[in-house]
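Working notes, beginning with the structure itself.
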Amino acid sequence: MAPHDRPDIHINCAVSADGRLAFAGGRRARLSGPQDLARVQWLRADVDGILVGIGTVLLDDPSLRVHAEMIDRPMVRSPARIVLDSSGRTPMSARVLDGSIPTILAVSESCTRTFPPNVTVLRSGGVRVDIPTLLQQLQRAGIRKILVEGGGEVIASFVRGGWFDRFTVYVAPVAIGGATAPPMMRGPETVGDADAARLRFVSAEPIDDGVLVTYLPGASVPGAPRPLSDGASARPPGAPP
Ligand SMILES: NC(=O)c1ccc[n+]([C@@H]2O[C@H](COP(=O)([O-])OP(=O)(O)OC[C@H]3O[C@@H](n4cnc5c(N)ncnc54)[C@H](OP(=O)(O)O)[C@@H]3O)[C@@H](O)[C@H]2O)c1
C-alpha cells in the first residue's frame with residue numbers, strides 16, 4: 001500500500017532496556033519519565049486518531065485522551081480513539097467507551113456484537129481486522145494522522161506491514177526480564193534476515209534518564225519514508241512540529 005493511500009502513521013512506545021513493554025503477564029509499567037510523558041501528549045495532540053489493540057484495552061484500560069494540562073495547550077478537538085478488536089471484546093465498562101471522545105472500533109466482518117450509536121464501527125477482514133483496508137476506511141473518514149501506541153502485537157503488524165512513517169521508542173533505564181513480560185513486538189517468528197523488518201536509524205536523544213530513538217522505514221520495509229520535520233525549539237525532543 002502506497003503511503004499516500006493511507007493516513008500518516010507514527011508508532012510510539014516506551015520499553016525497558018531489554019525491550020519489554022510491561023511487567024510480567026502484561027501488567028502496566030510506567031516506563032516514561034515526565035519529559036517523555038509530555039512528549040507523548042504532544043504527539044497525541046498532533047494526530048486525528050490514537051490506535052491500540054484490544055490486548056492493551058483489556059490489560060490497561062487506557063483513556064487514550066490528550067492530557068492537555070501536561071502540555072499547556074488547549075485542545076480544539078480530541079483525536080479519536082481507535083481500537084483493533086476483531087471480535088468485539090471491548091467491555092462496555094472500558095474507558096474508551098465512556099462516550100467522552102469519539103471512539104472507532106475496528107472489527108472483523110464476522111463480528112456480530114453491537115455497540116452504542118456513539119461508537120463508529122469499521123469492518124474489515126474475515127476473522128481479523130485487515131489493516132490496509134482499515135487504513136483506507138480511516139482516510140475516507142478524514143483521519144489523516146494516526147499515532148499507534150501498542151501493544152506488541154499491533155506494533156508488530158504495523159512494522160512488518162511497513163505501515164508507518166516514523167517509529168519512536170523511548171528506552172527506559174530499567175531491565176524487566178522474565179518469560180511473560182511482553183516484548184515490543186510479538187506476531188510471527190522472524191527466522192532469518194529475510195523476515196526481519198529493517199529500520200533506518202535517525203537519531204538517539206537523551207530524555208529523562210533514558211534515550212529516545214527515532215527510526216524511519218528501512219530498505220526492506222514497504223513504503224517510501226516521509227521526511228521528518230524539525231521540531232519547534234520550545235518542545236521536548238521528538239515532539240511534532
Ligand atoms: N510501553 C508502552 O508504550 C505500551 C503501549 C501500549 C501497550 N503496552 C502494553 O502492551 C501489552 C498489550 O500488548 P498485546 O500484544 O498483548 O496486545 P495489543 O497489541 O494491544 O492487541 C493485540 C490484539 O489486537 C487485535 N488485533 C486485531 N487485528 C489485528 C492485527 N491486524 N494485528 C495485530 N493485532 C490485531 C488482536 O485481537 P483480536 O484478534 O481479538 O482482534 C490482538 O490479539 C500490555 O501489557 C500493555 O501494557 C505498552
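No value in this document is a laboratory result; all are computed from the given coordinates. All figures in this text were calculated on a predicted structure; none of them were measured in a lab. Cβ sites come from the backbone with ideal geometry, for glycine too, and all protein chains shown count toward neighbours.
Summing Lys and Arg as +1 and Asp and Glu as -1 over all other residues whose Cβ lies under 12 Å from the Cβ of residue 48 gives a net charge of +3.
Distances between placed amide hydrogens fall under 5 Å for residue 199 paired with 218, all partners being 5 or more residues away or on another chain. Once you reduce the range 127-196 and the range 35-85 to the center of their Cα atoms, the two points are 16 Å from each other. Volume per residue of the convex hull around the Cα atoms, evaluated for the range 3-217, comes out as 130 Å³.
Computed extension gain for residue 93 through residue 2, at 0.36 nm per residue and net of the alpha carbon distance, reaches 29.0 nm.
Estimate the FRET efficiency between residue 75 and residue 198 by the formula 1/(1 + (r/R0)^6), using the beta-carbon distance for r and 30 Å for R0, to the nearest 0.05. Calculated transfer efficiency: 0.25.
When peptides 137-143, 35-41 are ranked by their average number of other Cβ atoms within 10 Å per residue, the highest-first order is 35-41, 137-143. Between 107, 50, 211, whose Cα lies farthest towards the positive end of the dipole of the range 3-217 when Lys and Arg beta carbons carry +1 and Asp and Glu beta carbons carry -1, centred on the Cα centre? Toward the positive end, the furthest listed residue is 107.
With unit charges on the beta carbons (Lys and Arg positive, Asp and Glu negative) and the dipole taken about the Cα centre of the chain, which residue among 38, 181, 83 sits farthest to the positive side? The listed residue farthest towards the positive side: 83.
Each DSSP beta bridge with both residues in the chain is either parallel or antiparallel, and the antiparallel ones are about 35%. At full extension, residue 114 and residue 100 could sit 3.1 nm farther apart than now, given 0.36 nm per residue minus the alpha carbon distance.
Derived scalar couplings between HN and Hα for the range 117-131 equal x, 7, 9, 8, 10, 10, 9, 7, x, x, 10, 10, 3, 9, 5 Hz in order, rounded to whole Hz, by the Karplus curve 6.51 cos²θ - 1.76 cosθ + 1.60 (θ = phi - 60°), x for Gly and Pro.
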